[in-house]
Amino acid sequence: MSLPQFAYAAPKTLEEALALLAQHRGDARVMAGGTDLLLKMERRKLAPAVLIGLKRIDELRYIRFEPEQGLFIGALARLSDVVEDAIIRAKYPAIAHAASRTATVQIRNMGTVAGNLCNSSPCADNAPTLIARGAKVELVGAQARSRWLDLEKFFTGPGATALAPDEIMRQIHVPCPPGGSAAAYQNISARSKVDISAVSVGVHLTRRDGKCHDARIVLGAVAPVPMRAREAEALLVGTGMDEDVMRASGEMAAREARPISDVRASSEWRREMVAVLTRRALRQAWDSIASAHGGIVNR
Ligand SMILES: Cc1cc2nc3c(=O)[nH]c(=O)nc-3n(C[C@H](O)[C@H](O)[C@H](O)COP(=O)(O)OP(=O)(O)OC[C@H]3O[C@@H](n4cnc5c(N)ncnc54)[C@H](O)[C@@H]3O)c2cc1C
């Protein structure tokens, strides 16, 4: 099938891209890697009159770590850049792992993390870990308007986000990992690796004095948007994280999930997988902290 007709603009600065977006308000779309957008256009789910390609905007192509502030991932950082980045692998390995679990090497070489979020698929692989890590996103509009939003609040429904029609996501910010903390990502596809996740779980745990001080559990593909399993989190805080507690938390997360049945999996199977993957992710994150023998470890 061919693409619908469209005009293509290739601005070289963010300012230029924002001006184009404002000029064609509602009738233009920005394109990063195009791996989601062009498919939607081919399937006639979207037919923007103008595509604004971001690829020539070098100021959006970066991954930067600042010891006082944390990690910044620019809108043009590709999934493969995140997988391979030495600092992300060392300080935020669960984020690198989630990117590595996204699609195939060909898609990762084209697609961006920002595009993965802006596409707002409930099963986007990069959302759960980033939300669990407390990520924020910077959205910019014309006249250098800028606002920061918790990533958790960015998703408003399947394919829908808090982005205004004249806004572009400039970057993603992830705070410095607190001492004695670790994160983990687990996902499963019911059919094959190239298929997208049928269930995914990102967790982030902080340990103090041998006990769980803070817990975040974020579920993907089991609700219209990635969701925190807050009751499951509450079961963990103040405990020593033994097997029974982790199992109970997984089962609670399964009860909190709101999965549907579709071509990928039944709701029953998804719910069971939430319990299994949550338990596994909790075990993995807690073991990562414990492996430092109570010292400071960040994952
Ligand atoms: C075969 C195949 C397998 C896939 N497997 C997976 C998978 O396993 N897991 C998974 O999560 N995804 C998967 N995907 C989806 C896709 O590859 C990812 O979501 C990818 O990260 C999208 O990034 P992109 O740069 O290509 O986005 P694009 O296609 O360029 O854009 C996607 C959407 O985001 C908007 N957008 C992009 N960048 C910005 C920005 N900076 N500001 C504002 N809006 C923006 C676009 O307008 C568009 O609406 C798969 C896709 C294919 C084709």
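Select, from 196, 172, the only residue that is assigned to a loop (DSSP other than H, G, I, E, B) and farther than 16 Å from residue 280 by Cα.
Going through 196, 172 in turn, just one is assigned to a loop (DSSP other than H, G, I, E, B) and farther than 16 Å from residue 280 by Cα: 196.
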Legend entry - Check on residue 57, buried (at least 21 other Cβ atoms within 10 Å of the Cβ) and over 30 Å from residue 178 (Cα atoms): yes
Inset, instruction - Would you confirm whether any residue within region 214-237 is more than 22 Å from residue 152 (Cα to Cα) and either assigned to a loop (DSSP other than H, G, I, E, B) or modelled with pLDDT of 95 or more (or both)? - result: no
Inset, instruction - Report yes if residue 21 is assigned by TED's automatic domain parsing to the domain that holds residue 166 and within 11 Å of the ligand (Cβ to nearest atom), otherwise no. - result: no
Inset, instruction - Take the residues in region 1-56 that are part of a loop (DSSP other than H, G, I, E, B), small (Gly, Ala, Ser) and without any contact (Cβ under 8 Å) to a residue 60 or more places away in the chain, then tell me which one is nearest to residue 110 (Cα to Cα). - result: 10
Legend entry - residue 129 being open to solvent by less than 50 Å² (accessible area, probe 1.4 Å), at pLDDT below 95 and of a type in the set (Val, Ile, Thr): no
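To keep it simple, each residue is scored yes or no on (1) near the ligand (Cβ under 9 Å from one of its atoms); (2) closer than 24 Å to residue 87 by Cα; (3) touching a helix residue (DSSP H, G or I) at 6+ places or on another chain (Cβ under 9 Å).
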site	(1), (2), (3)
108	yes, yes, yes
132	no, yes, yes
156	no, no, no
169	yes, yes, yes
183	no, yes, yes
203	no, yes, yes
Inset, instruction - Output the qualifying pairs, or none if there are none: Cβ atoms under 6 angstrom, residues six or more apart or on different chains, first residue in region 111-123 and closer than 15 Å to residue 172 by Cα and within 6 Å of the ligand (Cβ to nearest atom), second residue hydroxyl-bearing (Ser, Thr, Tyr) and part of a helix (DSSP H, G or I). - result: none
Inset, instruction - Taking only region 142-160 into account, find how many residues are open to solvent by less than 30 Å² (accessible area, probe 1.4 Å) and either part of a helix (DSSP H, G or I) or modelled with pLDDT of 95 or more (or both). - result: 4
Inset, instruction - Test residue 165 against the criterion of being in contact (Cβ under 8 Å) with a residue 60 or more places away in the chain and open to solvent by 60 Å² or more (accessible area, probe 1.4 Å), and give yes or no. - result: yes
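What residue, of 76, 139, 117, 71, is under 21 Å from residue 259 (Cα atoms) and either open to solvent by less than 30 Å² (accessible area, probe 1.4 Å) or assigned by TED's automatic domain parsing to the domain that holds residue 258 (or both)?
Going through 76, 139, 117, 71 in turn, the sole match is 117.
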Inset, instruction - Could you tell me whether region 248-264 includes any residue that is touching a residue at least 60 places away in the same chain (Cβ under 8 Å), surrounded by 18 or more Cβ atoms within 10 Å (Cβ to Cβ), closer than 13 Å to residue 221 by Cα and in contact with a Lys or Arg (Cβ under 9 Å, 6 or more places away or on another chain)? - result: yes
Legend entry - Condition check for residue 245: modelled with pLDDT of 95 or more, aliphatic (A, V, I, L, M) and over 23 Å from residue 130 (Cβ atoms): yes
Legend entry - Check on residue 234, open to solvent by 50 Å² or more (accessible area, probe 1.4 Å) and over 21 Å from the mean Cα position of the chain (by Cα): yes
Inset, instruction - Would you check which residues across region 79-100 are surrounded by fewer than 22 Cβ atoms within 10 Å (Cβ to Cβ) and within 11 Å of the ligand (Cβ to nearest atom) and list them? - result: 80, 100
Inset, instruction - For residue 104, work out the one condition from (1) among the polar types (S, T, N, Q); (2) under 30 Å from residue 188 (Cβ atoms); (3) outside the structural domain of residue 165 (by TED's automatic domain parsing) it doesn't fulfil. - result: (3)
Inset, instruction - Would you be able to say whether some residue in region 51-67 is more than 25 Å from the chain's Cα centre (by Cα) and more than 13 Å from the ligand (Cβ to nearest atom)? - result: no
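The values are calculated or read from the model by the stated rules, or taken from the named source; none is laboratory data. As the structure is a prediction and not an experimental result, all values here were calculated from the model. Heads up, the Cβs are rebuilt from the backbone with ideal geometry, glycines too, and the neighbour counts pull from every protein chain shown. Surface accessibility is based on the protein's heavy atoms, side chains included, excluding ligands, DNA and RNA. Shrake-Rupley method; radii C 1.70, N 1.55, O 1.52, S 1.80 Å.
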